[in-house]
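Beneath this line is the structure, given in structure tokens, with notes to follow.
The values are calculated or read from the model by the stated rules, or taken from the named source; none is laboratory data. None of the values given here were measured: they were computed from a predicted structure. All Cβ positions, glycine included, derive from the backbone under ideal geometry; neighbour counts span all protein chains shown. Quick note on the areas: whole protein, heavy atoms, side chains included, nothing else; ligands and nucleic acids left out. Shrake-Rupley method; radii C 1.70, N 1.55, O 1.52, S 1.80 Å.
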Amino acid sequence: MMNYRHLHYFWMVAKEGGFARAAERMDMAIQTISAQVRELEKDLGHQLLKPDGRGVALTEAGQVAFAKAEEIFQLGQSLPELVRAVASKPVKRFRVGLCDGISKLAVHALLKPVLDTEDLHLTCHEGEPEQLLAELALHHLDFVFAGQPPPANPNLRMQSRVLNTTTVDWFGASRWVKKSSVNNFPQCLAELPVLLPTGHSRLRIDLNYWFEQQGIVPHVVGEFEDSALMSVFAARGLGVFPVSRLGVYDAGTLSGLRLLGQCPDLHEEIHGVWNLKGIDHPLVVELLKA
């Protein structure tokens, strides 16, 4: 590993334009600084400084090394202030995983009880359930929102709870949501262009079963992992789409969209998953209380 003390001596020599001025600035012997810089050149395998009159100048390799040293030591100079700021006012970090396919609008609604937490630093990661649960097991995440409970595995020491169960409504742009379609819901879904969650979503599995029960073969024109993104394409007229009621009516998502029909017998579940060793996290406790 490179010796950063050697790099610091080189940086000072380059900034001061010579060994003598750097030695005076650092109150050290010229021979000591010169020896340290030579050690750095030996480690890097290239000459960094060359004589220039009574001082020194940077070689091409030295210019690159000096530019990086500037970044390193400027960051180092800001470190004490950053540490003091964090120590004097600690942030409350909450690292959340959102499984692909669940309604992000619903998750936002479920997170509302903790969003007003003072000094909150929220980090949201989206991914496959297996990946997020692995991160949770390693304590890289504090909480995971999923479409179903985690698989039984005593080694993982996880617990889950159904946080919300809500019915599903269908919306679309006015070009598709006409009186004839509304009166013929849900059979009209065999004729209208339909947008659906992607195949690994729990809601998509339930929708496929619901279509089969209704005897409907939907005309699918698009599939999306994110319900909010799906609503954007629906508002532009691409097709009609299903969405969990939770979160959509107070998020401005339905602007430009009209209600096509409701499915009281079709539900989306959102499960909260946490590591048993992390149950003392105050925001996990707050979320589960809510």
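Key figures for this structure:
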item	result
Cα-based shape type of segment 65-117, given that a ≥ b ≥ c are square roots of the gyration tensor eigenvalues and the cut on a/c is 1.5	oblate
Approximate spin-label separation residue 43-residue 276, in nm, with each point projected 7 Å along Cα-to-Cβ	4.7
Net length gained if the chain between residue 236 and residue 91 were fully extended (0.36 nm per residue, minus Cα distance)	48.2 nm
Accessible solvent surface per residue of the chain, calculated while the other protein chains remain in place, 1.4 angstrom probe, Å²	56
Segment 65-136 versus segment 254-290: alpha-carbon centroid distance in Å	21
Full-extension gain in nm, residue 119 to residue 190, via 0.36 nm per residue minus C-alpha separation	20.6 nm
Three-way shape label, segment 93-149, alpha-carbon gyration tensor, a/c 1.5	oblate
Derived scalar couplings ³J(HN,Hα) [segment 162-172; Karplus, 6.51 cos²θ - 1.76 cosθ + 1.60; whole Hz; x for Gly, Pro]	6, 8, 7, 10, 9, 6, 10, 10, 10, 10, x
Computed over segment 182-290, Kirkwood Rh from alpha-carbon pairs, angstrom	15.7
Quarter of the Cα convex hull surface for segment 19-154, i.e. its orientation-mean projected area (nm²)	15.1
Accessible surface, 1.4 Å probe, highest first, among residues 209, 4	209, 4
Longest to shortest principal axis, alpha-carbon extents of segment 118-161, angstrom	35, 19, 18
Charge dipole (debye, nearest 20) of the chain; +1 at Cβ of Lys and Arg, -1 at Cβ of Asp and Glu	420
Cα convex hull volume per residue for segment 164-210 (Å³)	101
Residue 221-residue 57 FRET efficiency (beta carbon distance; Förster radius 45 Å; 0.05 resolution)	0.10
Values of log10 I(q)/I(0), in the order q = 0.15, 0.16 Å⁻¹, for the chain under a Debye, Cα-only, solvent-free model	-1.04, -1.13
Residue-count net charge about residue 16 - beta-carbon cut-off 15 Å; Lys, Arg +1, Asp, Glu -1	0
Three-way shape call for segment 25-71 based on the alpha-carbon gyration tensor, with the a/c threshold at 1.5	rounded
Full-stretch length increase - residue 70, residue 112 - with 0.36 nm per residue and alpha-carbon distance subtracted	10.8 nm
DSSP beta bridges in the chain [antiparallel fraction, %, rounded to 5]	60
Cα-Cα over 25 Å, subset of 92/277; 104/179; 42/68	104/179
